[in-house]
1. I need C:190, C:15 ordered by Cβ neighbour count within 10 Å, fewest first.
2. Counting partner chain Cβ atoms within 10 Å of every residue's Cβ in C:191-203, what's the average?
3. Under the definition of partner shielding as Cβ atoms of other protein chains within 10 Å of a residue Cβ, what is the mean value for peptide A:33-45?
4. To the nearest whole number, what is the average tally of beta carbon atoms from other chains within 10 Å of the beta carbons of peptide B:110-119?
5. Counting only the backbone N, which residues of the range B:101-131 are under 18 Å from the spot 7 Å out from the Cα of residue B:149 toward its beta-carbon?
6. Quick one: dipole size for the range D:18-75, taken about the Cα centre, charges +1 on Lys/Arg Cβ and -1 on Asp/Glu Cβ, in debye to the nearest 20.
7. Would you work out the charge dipole size for the range B:83-169 about its Cα centre, treating the Cβ of every Lys and Arg as +1 and the Cβ of every Asp and Glu as -1, and quote it to the nearest 20 debye?
8. Tell me, C:60, B:205, B:115 in order of fewest to most beta-carbon neighbours within 10 Å?
Number of protein chains: 4
Amino acid sequence: MTAENDKPPRRRRKDTRPAEIIEAGLIEFALNGYAGTKLTHVATRAGISKGTIYHYFPDKDALFRQAFRTRFIDSLADVEEFPSIPDGPVAPILRMALRIAYDELAQSDALGLLKIMLVEGDRFPELAKACRDDLLVKVAEPLRMLIQRGIAQGELADGAYQTIPAILFAPGVVIALTASMAENTTDGPDVFDTVLDVLMMGILKRP
Amino acid sequence: MTAENDKPPRRRRKDTRPAEIIEAGLIEFALNGYAGTKLTHVATRAGISKGTIYHYFPDKDALFRQAFRTRFIDSLADVEEFPSIPDGPVAPILRMALRIAYDELAQSDALGLLKIMLVEGDRFPELAKACRDDLLVKVAEPLRMLIQRGIAQGELADGAYQTIPAILFAPGVVIALTASMAENTTDGPDVFDTVLDVLMMGILKRP
Amino acid sequence: MTAENDKPPRRRRKDTRPAEIIEAGLIEFALNGYAGTKLTHVATRAGISKGTIYHYFPDKDALFRQAFRTRFIDSLADVEEFPSIPDGPVAPILRMALRIAYDELAQSDALGLLKIMLVEGDRFPELAKACRDDLLVKVAEPLRMLIQRGIAQGELADGAYQTIPAILFAPGVVIALTASMAENTTDGPDVFDTVLDVLMMGILKRP
Amino acid sequence: MTAENDKPPRRRRKDTRPAEIIEAGLIEFALNGYAGTKLTHVATRAGISKGTIYHYFPDKDALFRQAFRTRFIDSLADVEEFPSIPDGPVAPILRMALRIAYDELAQSDALGLLKIMLVEGDRFPELAKACRDDLLVKVAEPLRMLIQRGIAQGELADGAYQTIPAILFAPGVVIALTASMAENTTDGPDVFDTVLDVLMMGILKRP
DNA sequence: GATGAATGAGCTTTCATTCAT
DNA sequence: AATGAATGAAAGCTCATTCAT
C-alpha cells in the first residue's frame, strides 16, 4: 500500500467544499436539533476536520443559517412551475400538490429544519422571515391562483380560505411533525388521505 | 452593613417550592427549549439558588418531565366534561371545542412544551406516549362520540375522518406553532376562523 | 394512630447522642472512606437529622477525628491486661495474641479507619501520631516484655526483632487489608496460620 | 503587552501528552487519593489546561485506570527475569528479591496507587483483579519456584508457606504503607532488615 | 435543641472556537 | 488550505455548612 492510498482523493474542487459541509450540517441539524449538533460530527460526516469548517463559515450559527437557506431554496425550486397547468378541473391538481408537498416534507430533512425553526426561531428571525416570504411567494401565490381559477370555474366554493391558501398545508405539517411522536401505525399514509378528503370536501362547491 | 441586606432572607416553603420551580421551569423551557434552558435561569426566575432545585428534582431531566406532566394534566383537566352535552346540532359544539382548544394552546406555555416534544421527543419517549395517550383518551374519544352523534343525526357527513378526529386539531396546532414565526398580523384569530370554516364545511353533510 | 406514635422515643439522654453519631460515622467512614462519606448518611444511620451533627461536632473533620480516637481507644482497651500472664512458655501466648489482634482487626471497622488513615494520613497528622503512640504503648510495650521473658527463658531467639515487636503484626495487617481485594478463597484463616507458623519459627530459639 | 506573554505557547505534543498526563495524574492520585484528586491539579501539574485531559481520556475514572495499569506494568516489567538464577543457595537471592521489591514499592508512587486500591478497590474491581493476577504470575510464581528449589536442596524448611509465597512481602508492604504515618525515624531500612532476619529465620531449615 | 430547606463554592464534563503546525 | 491539539467559558451536579423556624 502506498503512502497516498489510505486517504480519500485530495483533489476537490474548492467550490464543492461549502456545499459538502452544508449537506453534512443539514443532516446533523435535522437529526439532532441546533444545540444537539456537534461540529465534530458535521466535520466527520463531511469527511473533513473540524477546523476546516471555520474556513468556510465564521461560526456554527452561520453554518446553520446557510444550510437552512440552501435547503429551503432547493426544496422550493421544484414548486415554481406550478401555475403552468392545463385547463380543466382544479381539485385533483390541488390535491396532488398537497400530496406532493406532504411527501416532500415528510421525507426530506426539511422537517428537521422546520422543527429547529419552531424552537429556536427567535434566534434566527431573518430565517423565519425568509422562510415565510419564500413560502408565501413560491407556494401560497401559485396556490391562490389555482384556487381562484377553481372558483371562477364554479368548481370550488367561494370562501375566505382563498386568502390564506397556505393553511391547506397545515394538516400535513402536523402529521409530518408528530409522525415521530405518534405510535407506529401502519396506516400513516391513509391518515393524510383522510385529511385530504375532509379538506377537499370543505372547499368544493356544493351543488 | 446597610439596611438592605444584599441577600434575601432564606424562606422555607417546602410545600410551594416544587410548584414554583416547575412554574419557572415551564417558562424557561417554553422560551428556550430543553438544551437551551439553564438551571441557573430557572433558579433565578424562581427566586432561589441553583442547589435548591436539586432538593426537589434529581436532575434537569426529571424537572422537565415533571413540568411537562404537570402542565398537560392541568391543561387537559378542563376538557373532561366534554361528553355531557345537550341534544341538538353538533356542529356548533364541535366548532367551539376546537376554538377553545386552540385558544388554550395558543396562550399557555403548553405550546412551548409541545415544541420541545417535537424536537426532543426521542429523549422523552414516555412523555410522548403519555401525551399521546392523554390526548387520545381525553380529547379524541369525546370528539369521536360527538362526531358519531352528528352522523347519526344526519348532520355530519359519514367519512373516514371520524376514525381520527384528532386531525381536526391539526390546523390549529400549526397556526399556533408558527405564530411566533409568522409576522405579527392582527388578524391571527381570523385565520383560525377561516380554517374552521373550511373544516366544518368539509364534514357537514351535503343536502 | 396518635401524633406521638410514629417517631422513635424522643427522650434520649443527651450524653448518648455524640456516641451514637460517632458510631454511625464510624460505620460510614469505614465503608466509604473519608471523602466518600456523606454527612447525610451518617445522620440517617444515627437516626437524626443532618443539622444535629453540627450541634456536637464543628465539622466533618472533627467528627472523623473523634470517631477515630474513640474506636482506637475502645479497641485497645482490652489489650491492656496483657502482661498479667502466668509463667511458662511464651510462644503460645504470643501466637494467640497475634491471632486475637488479627481477628479483631479483620472484623471491626478499625480496618476501614486504618485504610482511611493510610490514604488521608497527611490530613490528620495528630491522629496518625496518636495511633502510633497508642499502639506503641499499649501493644508494642507489653509485647516486648513478653518477648524478653521468652528470650530470658531460653525459649525465643535473641534478635533485633525484639526492638520492634510491632512488626510481628505486619503480615496480619496486610492479609486483613487485602482481604477485600483478594479473591474469595475459602482458606483465608489458614493463610494467617501459615504466616504465624513462619513467624513463630523465625523467632523461636534454635536448639 | 509585556514581553512575557502571560499565556504559555500552545504546544502540540500528541505523542507525549498522554504519558505526561498520566505521570501528573499518578502523582496527584498518590498524594490525594482518588476522590481527593482534582483534575485541575492534574492539568496544572501537567502544564496543560483542564480540557486537554479530555482529549486523551474519556473521564477521571479512565485516567486513573490507565495510570494504574501503566504504573503497575512498568513496575513489574523489571521483575520478569527472576527465574534465570544461578545454582547455589537460595536464601540470599530470596532475601535480595524481597529487598528490591520493598525498595521499589517504597520509592515509587506505586505505593500511593496501592493505597487507593485498598480504599476504593470496590470501584475498580478489574484493576484489583489485574493487580492480583499480575502479582501472582510475575511475582508469586517465580518466588514459589525459588522456594521449592530451596526446599529440594535441603536449604529451606518444608512448610505451608511455600503455597503462598506472596505473604513474604507482607511485612514490607506494611512498613511501606505506614511509613508516611510513622515518625520519620532514620532507621527505616533497618526495620525492614530486622524483619527480613525474622522471615529468613522462619523459613530456613533447622539443622 | 433539633430540623432540613437553602446555599454556593467547587467539581467533572462539554464543546465552540482558536491557532501553531 | 487544512488540521486537530489545545483552550476555557459555561453547564450540570454535589455536598459541607448555615440558619430560619
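Please treat every number below as a calculation from the coordinates, not as lab data. What you see is a predicted model, and the numbers here were worked out from it, not measured in a lab. For neighbour counting, all protein chains shown are included, and Cβ atoms are generated from backbone atoms with ideal geometry for every residue, glycine included.
1. Working: C:190 13, C:15 7.
Final ranking by Cβ density, sparse to dense: C:15, C:190.
2. On the way: counts 7, 1, 1, 7, 8, 1, 6, 13, 6, 2, 10, 10, 4.
What the average comes to for C:191-203 is 6.
3. On the way: counts 9, 4, 7, 7, 0, 0, 0, 0, 0, 0, 0, 0, 0.
Mean partner-chain Cβ count within 10 Å for A:33-45: 2.
4. Working: counts 0, 1, 2, 0, 4, 6, 3, 4, 12, 14.
The per-residue average across the peptide is 5.
5. B:101
6. On the way: 7 positive and 6 negative charges, 21 e Å.
With only Lys, Arg, Asp and Glu charged at Cβ, the dipole is about 100 debye.
7. Numbers: 9 positive and 12 negative charges, 18 e Å.
The dipole magnitude comes to about 80 debye.
8. Working: C:60 18, B:205 14, B:115 24.
Ascending Cβ contact count within 10 Å gives the list B:205, C:60, B:115.
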